[in-house]
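Remarks on the structure that follows.
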């Protein structure tokens, strides 16, 4: 079973549940609580999962800060663009929605959503695991560079339901004279993601 950052086999699922059950009420780390919720839901322990969800609702959230470091530098390679996708999903998994939103071009506006609606879209998301494929060639057009990056996603909801998606992101960076460091950094320009299961 995939839980974002870790893989848990059937045998380890019971061991994780046994270890976490007495610690639910005293845990404040959002990532640990998200893992707890998924494990307990998968084992049918809805009451314990509900306690973990209540603790997660009270857990402190990091205050919005600068965009993830992977997007601040103006790296030119496709590998730098891949780093943006990884930083994007890391921010989502850590509930740093402001940082994730800023991975999109035009300070988030290219997502087609406001920050509030973007954040609301992840309200029931426990974690998202991303597998990044081989990026395409970096192409140029009108003072910009573009690269397409294929991805496969597995999202886990608070009830333990898993959803799988596949598609690609197109990232853009400016190369015109006078562009700011932010404009020269790779940003998500568009996405084509579809549910596969």
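Only the coordinates and a few stated rules stand behind these numbers; no lab work does. None of these values were measured; they are calculated from a predicted model.
Full-extension gain between residue 192 and residue 175, please, as 0.36 nm times their residue separation minus the C-alpha to C-alpha distance.
3.7 nm
How much length is gained on full extension from residue 50 to residue 141, taking 0.36 nm per residue of separation minus their Cα-Cα distance?
Working it through step by step, the gained length comes to 27.6 nm.
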